[in-house]
Amino acid sequence: MGMWGKRDDMVVHGREPFDAEPPGAALARAAVTPTDTFYSRNHGPVPRLAPADWRLTVDGLVARPLTLSLDDLRSRFDAAEATVTLQCAGNRRADLTAVRAVPGETPWGPGALSTARFRGARLADVLAHAGIAPEAAHVAFQAPDVSPSARPPQPYEVSVPSDRALAPDVLLAWAMNGAPLPAVHGAPLRVVVPGWIGARSVKWLTHVTARTTPSDGYFQAVAYRLPPTGDDPEGVTLGPLPLNCAVLTPSDGAVLPRGPVEVTGYALAGEGRTVARVEVSTDGGRAWSRAALEAPAGPAAWQRWRTTLDLPPGDVRVMARAWDSSGAGMPESPAQVWNPKGYVNNAWPRVRLRVR
Ligand SMILES: Nc1nc2c(c(=O)[nH]1)N[C@H]1C(S)=C(S)[C@@H](COP(=O)(O)O)O[C@H]1N2
Ligand SMILES: [Mo]
């Protein structure tokens, strides 16, 4: 077993903070990712919170501030369960470096996303219990981990707009794939915001605060923001995920014998949408063939796809693209989505294969 209970063959981008993604073949194997295979992204050291001493504080613009133990959460609120895909905003960043270097950022492959069955209380129920005020336009989530990259040093904090926080699919989860949350995934309690960048699904949650403005925490106000452009001096704050897809097998750089090859991957639609179609091309995007697409295991879960291709001998580049249920597609090239922070690569993925 590798670090933090992960499989031995995880691609470890950093040991402390721990950043790791599963190899494509391992990720492709199941619609619900086994916990030992689930990617992990951390900005600081993993806090060790003793469940018995841990409390969740709900405060800010609420009529009745709450302090809840894990038992309080389990006994006073109905438990809900959902199969959700979490995706880091940096997923597939490695493809962007083909366009230009993205200095100081982790070169994530296509495995900075994983799917699990999460179980917990609905955040909306807890906020209703606390009596959230109508003027609370945002709900902030805070955890005790302090990242060495945050300026100034500060505990991890981000927020989501209240309308998102109050939707019934946002969970305060204590279990993942039928077992208590492991330390690296946020024990004893984490937020799960389906369809939004992973950064908003705060681990080791200790404070939920209703407020009038978005969090000014580093990982919301500074990081996870597209850089400013001429007519947008603020820069876009990343929240909802864009449509994305990737090839998982064969892996980039694989050497294959001639003959039919099964190509597999995933697509993930944005919030409230499903993937309508995935296509692959082996000739640089002139001809495309449709892949078989799996139904999603939940409203915010990925969809795996597969197709069998007869590849010509030589160097072959396999590209994939997807459309969602609104008809939106993906940008053609990484150059079209390149940005100096390297966030959100939803350009067509490409793997290079050598066929002998
Ligand atoms: N407290 C805290 N929560 C956090 C993070 C963190 O560093 N600290 N990382 C975020 C990011 S960027 C992602 S992508 C997800 C990763 O969740 P996982 O490690 O369970 O896969 O957790 C999010 N929640
Ligand atoms: Mo992330």
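The values are calculated or read from the model by the stated rules, or taken from the named source; none is laboratory data. Note that this is a predicted model, so its numbers are computed, not measured. With ideal geometry, Cβ positions are generated from the backbone for all residues, glycine too; neighbour counts draw on all protein chains shown. Quick note on the areas: whole protein, heavy atoms, side chains included, nothing else; ligands and nucleic acids left out. Shrake-Rupley method; radii C 1.70, N 1.55, O 1.52, S 1.80 Å.
Atom-type composition of the exposed protein surface of the stretch 90-131 places 50 percent of the accessible area on carbon and sulfur (1.4 angstrom probe). Solvent-accessible area of Val255, all protein chains in place: 80 Å² (probe radius 1.4 Å, heavy atoms, ligands and nucleic acids excluded). Mean separation of Cα pairs under 8 Å and 6 or more residues apart, divided by the residue count, gives the chain a relative contact order of 18 percent. By accessible area, using a 1.4 Å probe on protein heavy atoms only, the stretch 37-89 has 46% of its surface on carbon and sulfur. Across His138, His13, the residue with the most accessible area heads the list, and the full order at a 1.4 Å probe is His13, His138. The sum of -39500 (n - 2.57) across all DSSP H runs of n ≥ 4, divided by the residue count of the chain, sets its helix-only mean residue ellipticity at 222 nm to -2000 deg cm²/dmol. State the Cα centre-to-centre distance between the stretch 120-182 and the stretch 254-277 in whole Å. Here the answer is 32 Å between Cα centres.
If you take the square roots of the eigenvalues of the alpha-carbon gyration tensor of the stretch 168-269 and sort them as a ≥ b ≥ c, do you get rounded (a/c under 1.5), prolate (a/b over b/c) or oblate? Note, shape of the stretch 168-269 comes out oblate. In the elastic network of the chain, a GNM with C-alpha springs shorter than 10 Å, the most mobile of Gly270, Gly198, Gly285 is Gly285. Computed from backbone phi, the HN-Hα couplings of the stretch 4-11 come to 6, x, 8, 4, 4, 9, 4, 8 Hz, rounded to whole numbers (Karplus: 6.51 cos²θ - 1.76 cosθ + 1.60, θ = phi - 60°; Gly and Pro given as x). Placing +1 on the Cβ of every Lys and Arg and -1 on the Cβ of every Asp and Glu, with no other charges, gives the stretch 244-355 a dipole of roughly 120 debye about its Cα centre. Rounded to whole numbers, the Karplus 3J(HN,Hα) couplings from phi for the stretch 220-227 are 10, 7, 10, 7, 6, 9, 6, x Hz, using 6.51 cos²θ - 1.76 cosθ + 1.60 with θ = phi - 60°, and x at Gly and Pro.
Around the amide H of Arg92, modelled in the peptide plane, lie the amide H atoms of Gly109, Gly111, Ala112, all under 5 Å away and 5 or more residues distant in sequence or on another chain.
Assuming R0 = 41 Å, what is the FRET efficiency of Asp315 and Gln154, from their Cβ-Cβ distance, to the nearest 0.05?
It comes out at approximately 0.30.
For the options Pro340, Pro188, Pro257, a Gaussian network treatment of the chain with springs between C-alpha atoms closer than 10 Å singles out Pro257 as fluctuating the most. Taking 7 Å steps out from each Cα toward its Cβ at Thr97 and Glu234 produces label points 3.3 nm apart. The HN-Hα couplings worked out from phi for the stretch 293-298 by the Karplus form 6.51 cos²θ - 1.76 cosθ + 1.60 (θ = phi - 60°) are 10, 7, 6, x, 7, x Hz, whole numbers, x standing for Gly and Pro.
Apply the a/c threshold of 1.5 to the C-alpha gyration tensor of the stretch 142-209 and tell me whether it is rounded, prolate or oblate. Cα axes put the stretch 142-209 in the oblate bin.
Between Arg354 and Glu16, the simple label model (points 7 Å from Cα in the Cβ direction) yields a spacing of 3.9 nm. With protein chains left intact and a 1.4 Å probe, residues in the chain average 42 Å² of accessible area per residue.
Only protein atoms count toward the accessible area here, which uses a 1.4 Å probe; on the stretch 283-356, the carbon and sulfur part of that area reaches 49 percent.
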